[in-house]
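Let me begin by presenting the structure, written as structure tokens, before commenting on it.
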Amino acid sequence: MSAGTPKSLASSGQKPIQEICHPLGAEEAATAGVLTPSPDIGNTTSSIGGKDLSLPNGTPVETSSPASSSSLLNRLQLDDDLDGETRDLFVTVDDPKKHVSTMETYITYKVATKTTRVEFDLPEYSVRRRYQDFDWLRTKLEDTQPTHLIPPLPEKFVMKGVVDRFSEEFVETRRKALDKFLKRVADHPVLSFNQHLNAFLSAKDLNKRQGLALLSKMGESVKYVTGGYKLRGRPMEFSVMGDYLDLFTQKLGTIDRIAQRIIKEQSEYLVELREYGPLYTTWAASEAELQEPLEGVSGCIANCSSALDELTEDMSEDFLPVLREYVLYIESVKAVLKKRDNIQAEYEAKLEAAAFQKEERPAATVPTDVEKCQDRVECFNADLKSDWDRWQNNKRQDFRQLLTGMADHNIHYYEKCLAAWESVIPLLRDKQPQETETEED
């Protein structure tokens, strides 16, 4: 099974369910006669290209899904309840520093780790890493944990609207994204035990660990393409995932475009306000009787400009990066779905080969690689569904925090503007009695 250290539901108090019979298991299938279709997938055909896929022992097989993924998850699951986890690995990314050499200029970040895990020699570590080191870690996680969803890194190149990749704004935005990436990995019940993460957090020099630079055979096996074999179709639960990701991508794209336009309009309005305010100061210099209220209006506009500048900065540095992160996250999920499809296609191709083998040699035994491939599909389905639930939970928390923060920032902006304009009203009222007295005289 997976390296995900699954946990039996017997310890969680849930009722045990009937054991899943392997589609190629001769003893169980012989007594049952036929397999019970997966409740999640429904009735499935047992032929490919018009060929009956019953095996040498006479048992028909399913091709769209080797076993019910939901049933498997009822029996085995990862302990991924974020609220119920006992965390023993804490990481932070901070203190960015600029390094200038004759060859290149780059930024490093301090990665601080505190842990009680026995896999680490010390309880605390502090190392410096640059972006390409984070990229190295993510690549290794993809290679060694192909059945799991790896959190995305921030984009390598300069983001739209940011010219200087060494500017404080860009570096801070990247630092936050790298910190979130590493925290997601460290909180994952499987990825957090990866040997490459251990090296990333503890090794002073990653270049000295050449042994970890080799590609994982497991990762390469998942990239296996089954000689042009076309997948008959994803199980319904994974098709629903794909449809959801497509719709979510469209919604995020629309929100991002509108948010970009709002920021652009706010920036243009801010330029106008900064030109508008000083005009009242100039006017006040030539109007002695109106000097105080005119200067008050000028100060009011300056305060509104400052509040709008903060609101625009919050949208650029807090709101948009989360949208971009989830666009990249969607691509990561789609990549894992594609790997799962490759494994299922490999399994179906092996089933087809077994059916042809049965026709040629009825007494032939079932190849063991077919059973191993089916186990891989089951593991992939379980790991992907567990990570999908975890991702949905993270997404709800992130967007709840994002939208709450956006509401707070807007309320704060309008409160500042309201207070600024209310401060001008007494100055205008003070002039009214004087004007009235002058008229009476």
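Readers should treat all values here as calculations from the given coordinates under stated rules, not as data from a laboratory. Please read these numbers as outputs of a predicted model, since none were measured by experiment. Counting neighbours? That spans all protein chains shown, and the Cβs are built from the backbone with ideal geometry, glycine included.
Table for the structure above
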quantity: Listed residue pairs exceeding 19 Å between alpha carbons, taken from Lys97/Lys176; Lys97/Lys156; Lys110/Lys180; Lys176/Lys338; Lys140/Lys385; Lys183/Lys334; calculated: Lys176/Lys338; Lys140/Lys385; Lys183/Lys334
quantity: Sequence-separation-based contact order of segment 249-304, relative, with Cα cut under 8 Å and 6+ spacing, percent; calculated: 31 percent
quantity: Potential lengthening between Ser423 and Glu265 on full extension [0.36 nm per residue; Cα-Cα distance subtracted]; calculated: 54.2 nm
quantity: Neighbour cut-off at most 12 other Cβ (10 Å), DSSP loop, trypsin sites (Lys or Arg not before Pro), segment 104-140; calculated: Arg117
quantity: Percentage relative contact order, segment 244-349, counting C-alpha pairs under 8 Å, at least six apart; calculated: 33 percent
quantity: Modelled FRET efficiency - R0 45 Å, Asp389 with Ser101, Cβ distances, 0.05 increments; calculated: 0.50
quantity: Segment 86-148 and segment 287-359: distance between their alpha carbon centers, rounded to Å; calculated: 23 Å
quantity: Gain in span if fully extended, Asn410 to Val327, counting 0.36 nm per residue against the direct Cα distance; calculated: 27.4 nm
quantity: Sequence-separation-based contact order of segment 306-434, relative, with Cα cut under 8 Å and 6+ spacing, percent; calculated: 43 percent
quantity: Restricting segment 100-207 to GluC sites (Glu not before Pro) in coil, as DSSP defines it, with at most 11 other Cβ within 10 Å; calculated: Glu104
